[in-house]
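Take a look at the structure below.
The values are calculated or read from the model by the stated rules, or taken from the named source; none is laboratory data. No experiment lies behind these values; they were computed from the predicted model shown. Counting neighbours? That spans all protein chains shown, and the Cβs are built from the backbone with ideal geometry, glycine included. These area figures cover heavy atoms from the full protein model, side chains too; ligands, DNA and RNA do not enter into them. Shrake-Rupley method; radii C 1.70, N 1.55, O 1.52, S 1.80 Å.
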Amino acid sequence: MKKDIEWTKIGFSYIKTDKRFVSNYKDGSWHDLGLIDDDKIILNESAGVLQYAQTCFEGLKAYTTVDNKIVCFRPDLNAERMYDSCTYLEMPPYDKDKFVEAIVKTVEGNIDYVPPYGTGATLYIRPYMFGSNPVIGVKPADEYQFRIFTTPVGPYFKGGAKPIVIRISDFDRAAPKGTGHIKAGLNYAMSLHAIVDAHNKGYAENMYLDPATRTKVEETGGANFIFVDKNNTVITPKSTSILPSITRRSLLYVAEHYLNLKVETREIFKEELKDFKECALCGTAAVLSPVGKINDHGEDITYNMDSMGEITKKLYDTLIGIQLGTIEAPKGWIKVIKE
């Protein structure tokens, strides 16, 4: 039986659910505890995650589809990306197939928290890993914990996705050969000052440029960019220091194979921004967030300030339709958890 929650009124914030998945790494191998009730974590004061930020995470959702199935969207890609993050951070990767199995178990353990179809709400799923044993010298931890928790969340934008105003930032997000391409907690920590500064000055987000030349578009603190040019070509930035977004990859496939649009992934120069007709941010939380205006140190580049652009709206509607079962999904995109 579904939990007694006003699904249409919840926001995008944490609500404790019944079960979470836990696995511990010690003496060279993973030992699964499975689902547990306790949401508290006890750590030594010198735990690797507390001293040297050795942690990474993922984010995905479970949905109730139009035909009342409960599904996840492309969890195999989250497994793959977390594997890559762990490898780069010198953490023991969790097996990709077992990762997907753990996602399924965790959703099954919290099945009554998956919001009903039509409410606009979903069950957000957060897998994460961290160094758990005491570390005082600068080195990788020897023991780790892999966990998954869930929380029901409302739509990222209440009342619809209104175009946002962002700025080109003077801060740098990631070095060319740093950690920008993995989903490490430290990347998000370093972006907090920049986003608070942006909010204090009236902007919703930062557009980061490449640190080497400051001429090319990279991403925001937590989302990739998608642009549409005057020929309706869908274009995303190419860089070795931006996160390989699962939503972005899915949207490019939708653009090419569902909407018959040309797509490009290439370097995008700041001077090109004025030539595009649509701009949006993409990610798990909101899928697509339209950008109405970019401020470049006092000079505005304006797109549509009233609503999503035509192509952005088609991309959004199609991907949401695939996730919710109103549009047929490509093979392998939907993991059914409950029929």
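Just order 232-245, 134-147, 24-37 by mean Cβ neighbour count inside 10 Å, highest at the front, would you?
232-245, 134-147, 24-37
Quote to one decimal, in nm, the extra length available between Glu339 and Lys98 on full extension: 0.36 nm per residue of separation minus the C-alpha distance between them.
Between Glu339 and Lys98, full extension yields an extra 84.7 nm.
Please compute the modelled spin-label separation between Lys313 and Ala189, points set 7 Å along Cα→Cβ, answer in nm with one decimal.
For the pair Ala189/Lys313, the computed spacing is 4.3 nm.
For segment 228-244, what does the Karplus curve 6.51 cos²θ - 1.76 cosθ + 1.60, with θ = phi - 60°, yield as ³J(HN,Hα) per residue in whole Hz, taken in order and with x for Gly and Pro?
10, 8, 5, 9, 6, 7, 8, 10, 10, x, 10, 6, 7, 10, 10, 6, x
Skipping prolines and chain starts, which residues have an amide H placed within reach, meaning under 5 Å, of the one on Glu264, given they are 5 or more residues away or on another chain?
Those qualifying (amide H under 5 Å, at least 5 residues apart or on another chain) are Val234, Ile235, Thr236.
Step through the table entries Lys105/Lys338; Lys19/Lys183; Lys69/Lys98; Lys238/Lys270; Lys26/Lys177, compare each Cα-Cα distance with 19 Å, and write down the pairs that go over it.
Lys19/Lys183; Lys69/Lys98; Lys26/Lys177
Between beta-carbons, use under 13 Å as the cut-off and find the net charge around Asp67, counting Lys and Arg +1, Asp and Glu -1.
Taking every Cβ under 13 Å from that of Asp67, the sum is 0.
Using the Cα centre of the chain as origin and beta-carbon charges of +1 (Lys, Arg) and -1 (Asp, Glu), tell me which of Trp30, Gln323, Asn224 is placed farthest towards the positive end of the dipole.
Among Trp30, Gln323, Asn224, the one farthest towards the positive end of the dipole of the chain is Gln323.
To check my understanding: the extent here is largest minus smallest coordinate of the Cα atoms along each principal axis. What are those three numbers for segment 113-251, in Å, largest first?
Over segment 113-251, Cα extents along the principal axes are 54, 48, 32 Å.
State, to one decimal in nm, how far the label point of Lys40 lies from the label point of Asp142, with both points 7 Å from Cα in the Cβ direction.
So the label points at Lys40 and Asp142 sit 2.7 nm apart.
How much net charge surrounds Thr326 when only other residues with a Cβ under 10 Å from its Cβ are counted (Lys, Arg +1; Asp, Glu -1)?
Charge balance in the 10 Å sphere: -3.
What does the charge dipole of segment 1-131 about its Cα centre add up to, to the nearest 20 debye, if the Cβ of each Lys and Arg holds +1 and the Cβ of each Asp and Glu holds -1?
Charge dipole of segment 1-131: 380 debye, to the nearest 20.
Excluding same-chain residues fewer than 8 positions from Lys162, which aspartates and glutamates have a Cα within less than 16 Å of its Cα?
Candidates past the 8-residue exclusion: Glu205, Glu278, Asp306, Glu310, Asp317.
Just to check I understand the Karplus step: with θ = phi - 60° and J = 6.51 cos²θ - 1.76 cosθ + 1.60, what whole-Hz values come out for segment 274-287, glycine and proline as x?
Listing the rounded values in order: 5, 8, 7, 9, 9, 9, 8, 9, 10, x, 4, 5, 10, 6 Hz.
Taking the Cα centre of the chain as the origin, how large is its charge dipole in debye, to the nearest 20, when only Lys and Arg (+1) and Asp and Glu (-1) carry charge on their Cβ atoms?
380 debye
Over the chain, calculate the relative contact order: mean separation of alpha carbon pairs under 8 Å at least 6 apart, over the residue count, as a percent.
The value is 20 percent.
Counting pairwise Cα distances across segment 234-339, what percent come out greater than 15 angstrom?
67 percent
Using only Cα atoms, what is the ratio of the radius of gyration of segment 189-244 to 2.2 N^0.38 Å?
Working it through for segment 189-244, the quotient is 1.25.
Can you tell me the dipole magnitude for segment 115-267 around its Cα centre, using point charges on the Cβ only (Lys, Arg +1; Asp, Glu -1), in Debye to the nearest 20?
Computed about the Cα centre, the dipole is about 220 debye.
How much mean residue ellipticity at 222 nm does the chain get from its helices, if each DSSP H run of length 4 or more adds -39500 (n - 2.57) and you divide by all residues, to the nearest 500 deg cm²/dmol?
-7000 deg cm²/dmol
For the chain, report the translational diffusion coefficient in µm²/s to the nearest whole number, using Stokes-Einstein at 37 °C, 0.692 mPa s, and a Kirkwood Rh over Cα pairs.
Translational D for this selection: 156 µm²/s.
Going by Cα centres, segment 183-235 and segment 280-310 are how many Å apart?
11 Å
Return the tail of the calculated pair distribution for segment 35-170, meaning the percent of Cα-Cα pairs more than 22 Å apart.
50 percent
Taking the simple approach of a point 7 Å from Cα along Cα-to-Cβ for both Asp229 and Val196, what is their distance in nm?
4.0 nm
Setting aside same-chain residues fewer than 8 positions from Lys139, which aspartates and glutamates have a Cα under 20 Å from its Cα?
Result set, ordered by chain and number: Asp27, Glu45, Asp84, Glu90.
Could you give the spread of the C-alpha atoms of segment 8-78 along their three principal axes, from largest to smallest, in whole angstroms?
Computed over the Cα atoms, the extents are 47, 29, 23 Å.
Over segment 57-178, what percent of the accessible surface lies on carbon and sulfur atoms, probe 1.4 Å?
52 percent
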